[in-house]
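Notes follow once the structure below has been shown.
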Amino acid sequence: MMKDKTNVLIYSATGILTLLLAICLIIASFSSAKTVSLPDFSGMTLSEVEAWASENNVDIQIQYEYSDTVPENQVIEQSVPGNQDIKSDQSIIIIISQGVDPYAIVKLPDFTGMTQAQIAKFVADNHLSDVSYEYLNHDTIAKDVFIKHNIASNEVTRDTMIVFTISLGKEGESDDAADVVLPDFSKYTKTQIDNWGVTNKITISYTYQTSTTVAKGSVISQNPKAGVTVKAKSTVNIVLSDGKPITVQDFAGKNKSEVETWKNKQDSTVKVSYTYQYSNTVAKDIVISNTPNSGTMSSSTTLKVVVSLGKPSIGDKKTKLSDLESVVNSLNAQGANLKIEKTYKYDSSASGTILSQDVSGTVNVGTTIKVTVSQGLQPYTISAFSTEAELNAWLTGKDVKTNKLPSTYSNQAAGNILEQSHKGTIYQGDTLTYRVSLGQPDLGSQATTLTELQNKVNTLNNSGASLTIQVTEVFNSSTPGNIVYQDKTGKVAVGSVINVNVAKAELYCSIPDFNGYVYSKVFTPDNTVVEFKKGSIATTNSQLGKVYAQSPAAGESVACGSVTPTITVTYHPGQYIPNKSLFNNDASSSDPSSTITSHLQGLGFTGGINIVRQAGSELQTIYIVESITANTDPVDGLYSLDTAITVTISTPPGAAP
């Protein structure tokens, strides 16, 4: 019995394993993706792409873009390049052309001088979709040339209605001004109607309306009716079919894919434009609104759909304010409505650096992001300070370092600023270097010695006094090196020259012997002064003018450096002989001999007085002294007392000889 039970268990386990293996093989056969050849969809229509995808069981995602080069409803681009093998489970994004963008901006040129043909070419090249022409006579603008248009701006969207006014030339000059019978436009295309209007100088005005019976682009009605005769330059109103009316629904709250499903069920000309904006309440890829959102629309009308991007994300905290502003501007372009509240702060970081940011990552629409931004180093306005006290007062509360240079002497007052490194602007953290005046250098009282003065000057010069000493050595009884004269003391100007007389060792002079010298021959020894003193009058010619005494005595040594000694020499002077005029002033008829003799003797002359008389002229009535002469030579005009003197007197006629 036991063996049978074991066999049953083995068979059961084997059966279970076999069943599981079979199930796995079946699942694998269903889940394995096959390889398909992906074509290049360029030039294909949406319906062709969808047919291929359905046939090959490949998932495609359709996106739409406007294109000026790819016709509407054809493929612009595919996410996986064509002409290669892919797995059928690979998803492919296909971008389909919505045709030209009717809302694209076109810049209008200056049409002045352009012909209608040139204007029409510009219209076609730039895909302007609502253009018409009207015609007017003009006295100065040539026929078929632009006069004006109805647009005030120089930029329009492609779907803007533009009416060009074209010249017919001067009134009466046109041969095309004949009346025109209107044809039946019901079989005309819009292009044919436009050409007919240009040919016949008729302005065509179009309006559009939907129709369940008239094909899109065909004429529903015209006014005036066919067969009516109208004048050139008249306006004909044409109502064109905009195709069958399309029922619109409100897609708010629905997924974007539902809009695409709706679009694919409509006429292939139906256009849908998507704009994307951020929302706090509507999830990403969900429709916020659409216009129109009810009723019907024509196939030429674009359904404008606003799709949610969800909440905006500003990403990580930014380093630079410019980076944050760039992100915010980009998000705001899609309705994020974010604001940046900036608080500026001076900081060592570069200007524009974000120092703090209160939020990052995903934020609500309308969030205000609070940031503190570096203004860079704070600038301070700094003037040229007069005193250190002013500078210190200015420094209060400012992040400025100082470097005070050693103070120096100057001719400015002590405490005045002599130099400073910054004037105008200095920045936070900068170092202001400056130097302060010590005032004028102070020599104090007169120094005792030259060494003392030199040390004092050296000390002052170490602080910029720039003083110099001009030394004159003089003989003096003072100790050699002592200052005996100093021209400046106390406070002096920077750069002053101090003149000093400094004692040097005394000079001694030996007094020469002048005894027996004629006083006029006495010389003045160096460093001395000779003073002459008259002594007793020379009684003999040998004494006349000669030195007979001196002080100091000959050979004596006297100081002659610090002082100038005076040598006093005493000599025998002579006597002068009176001039003859002395006696002729008192001339009379009396003989003056005795008077002259008495006078000469009174002067001390002892050498004899010889009176010589000589006869005067016949008419002479008085005695006249003709001359008084000496028998020796004078010294400096003076004569010794032993000189013999001869007096010559002329006498009147009859006088005793």
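The values are calculated or read from the model by the stated rules, or taken from the named source; none is laboratory data. Just so you know, these numbers come straight off a predicted model, no measurement behind them. Neighbour counts run over all protein chains shown; Cβ positions are idealised from the backbone, glycine included. Note: areas computed on protein heavy atoms with side chains; ligands, DNA, RNA excluded. Shrake-Rupley method; radii C 1.70, N 1.55, O 1.52, S 1.80 Å.
Just the number, please: carbon plus sulfur as a percent of the accessible area of the chain, 1.4 Å probe, no ligands or DNA/RNA counted.
Of the solvent-accessible surface of the chain, carbon and sulfur hold 50 percent.
Can you list residues from other chains, or at least 5 along the same chain, whose modelled amide H is less than 5 Å from the amide H of GLN440?
When sequence neighbours closer than 5 places are left aside, the close amide H contacts are SER410, ALA414.
Each residue of the range 221-236 in turn: what ³J(HN,Hα) in whole Hz from Karplus with 6.51, -1.76, 1.60 and θ = phi - 60°, glycine and Pro shown as x?
Karplus-based 3J(HN,Hα) across the range 221-236 equals 7, 9, 8, x, 7, 4, x, 7, 8, 10, 7, 4, 6, 6, 10, 10 Hz.
Quick one: length gained pulling ALA505 to ALA384 fully straight, 0.36 nm per residue minus the C-alpha distance? Mind showing how you got there, number by number?
Numbers: separation 121, 0.36 × 121 = 43.56 nm, distance 5.52 nm.
Working it through step by step, the gained length comes to 38.0 nm.
Could you grab the relative contact order for the range 44-148? Cα pairs under 8 Å, six or more apart, rounded to a whole percent.
Numbers: 122 pairs, mean separation 26.8, N = 105.
Relative contact order for the range 44-148 comes out at 26 percent.
What FRET efficiency, computed as 1/(1 + (r/R0)^6) with R0 = 45 Å and r the Cβ-Cβ distance, is obtained for THR566 and ALA414, rounded to the nearest 0.05? It would help to have the intermediate numbers written out before the result.
Values: r = 52 Å, r/R0 = 1.15.
That pair, THR566 with ALA414, gives E of 0.30.
Contour minus end-to-end for SER581 and LEU108, with contour as 0.36 nm per residue of separation and end-to-end as the Cα-Cα distance? Please list the in-between numbers first.
On the way: separation 473, 0.36 × 473 = 170.28 nm, distance 13.59 nm.
Between SER581 and LEU108, full extension yields an extra 156.7 nm.
Report for the chain the percent antiparallel among DSSP-assigned beta bridges with both residues inside it, nearest 5.
Values: 62 of 122 bridges.
The answer is about 50 percent antiparallel.
Given the whole protein assembly as supplied and a 1.4 Å probe, what does the accessible area of TYR346 come to in Å², nearest 10?
The accessible area of TYR346 comes to roughly 80 Å².
Among DSSP beta bridges whose residues both lie in the range 395-446, state the antiparallel percentage, nearest 5.
Values: 3 of 8 bridges.
Given both bridge residues lie in the range 395-446, the antiparallel proportion sits at roughly 40 percent.
About the Cα centre of the range 504-657, how large is the charge dipole given +1 on each Lys and Arg Cβ and -1 on each Asp and Glu Cβ? Please answer in debye to the nearest 20.
Working: 7 positive and 12 negative charges, 16 e Å.
In debye, rounded to 20, the range 504-657 gives about 80.
If amide H atoms are built 1.01 Å from N in the plane of the peptide, which residues on other chains or at least 5 residues away come under 5 Å of the amide H of LYS170?
Close amide H contacts, sequence-distant or interchain: HIS138.
With a probe of 1.4 Å, find how much accessible area the chain has per residue, and write the answer as a whole number in Å². Don't skip to the answer; put the middle values down first.
Numbers: 35820 Å² over 657 residues.
Per-residue accessible area for the chain comes out at 55 Å².
Treat each spin label as a single point 7 Å out from the Cα along the C-beta direction, and report the LYS370 to THR296 distance in nm.
5.7
Based on the alpha-carbon gyration tensor of the range 155-231 and its eigenvalue square roots a ≥ b ≥ c, which shape applies: rounded if a/c is under 1.5, prolate if not and a/b is larger than b/c, or oblate?
oblate
Magnitude of the Cβ-charge dipole of the range 83-222, K/R +1 and D/E -1, about the Cα centre, nearest 20 debye?
On the way: 11 positive and 18 negative charges, 57 e Å.
Dipole of the range 83-222, to the nearest 20 debye: 280 debye.
As a test of reading the structure, rank GLU419, GLU260 by solvent-accessible area (1.4 Å probe, protein chains only), most first.
I get GLU419, GLU260, largest accessible area first.
Lys/Arg Cβ at +1, Asp/Glu Cβ at -1, dipole of the range 229-368 taken about the Cα centre: which of GLY243, VAL327, ALA350 is farthest positive-ward?
The Cα lying farthest towards the positive end belongs to GLY243.
What is the antiparallel percent of DSSP beta bridges lying wholly in the range 526-610, to the nearest 5?
Antiparallel bridges make up about 40 percent of those DSSP assigns within the range 526-610.
Between LYS534 and ALA215, what length in nm is gained on full extension when 0.36 nm per residue of separation is reduced by their alpha carbon distance?
Answer, rounded to one decimal: 98.5 nm.
State, as an integer percentage, the relative contact order of the range 280-329 based on alpha-carbon contacts under 8 Å between residues 6 or more apart.
Once divided by the residue count of the range 280-329, the mean separation gives 39 percent.
Which of the peptides 44-50, 498-504 is most tightly packed, and how do the rest follow, judged by the mean count of other Cβ atoms within 10 Å per residue?
So the peptides 44-50, 498-504, ranked by packing, come out 498-504, 44-50.
For TYR276, what residues show an amide H to amide H distance below 5 Å, using hydrogens built from the backbone and excluding near sequence neighbours?
Answer set, sorted by chain and number: VAL307.
Hey, what number do you get for the chain at 222 nm if only DSSP H runs of n ≥ 4 count, each worth -39500 (n - 2.57), divided across all residues, to the nearest 500?
Calculated mean residue ellipticity at 222 nm is -5500 deg cm²/dmol.
Can you work out the PRE-style zone for LYS190? Point 7 Å along Cα to Cβ, and I want the residues of the range 261-302 with backbone N under 20 Å.
Within reach of a label on LYS190: 267-273, 292, 297-302.
Work out the length of the dipole vector of the chain about its Cα centre, built from +1 on the beta-carbon of each Lys and Arg and -1 on the beta-carbon of each Asp and Glu, and round it to the nearest 20 debye. Walk me through the numbers before you get to the answer.
Working: 48 positive and 61 negative charges, 345 e Å.
With only Lys, Arg, Asp and Glu charged at Cβ, the dipole is about 1660 debye.
Can you list the HN-Hα couplings for the range 503-518, worked out from phi with the Karplus curve (6.51, -1.76, 1.60; θ = phi - 60°), rounded to whole Hz and with x for Gly and Pro?
Once rounded to whole Hz, the list reads 5, 10, 4, 4, 9, 10, 10, 8, 7, x, 9, 9, 4, x, 6, 5.
Which whole-number percent is the relative contact order of the chain (Cα, under 8 Å, 6+ apart)? Walk me through the numbers before you get to the answer.
Values: 1377 pairs, mean separation 34.7, N = 657.
Reported as a whole number, the value is 5 percent.
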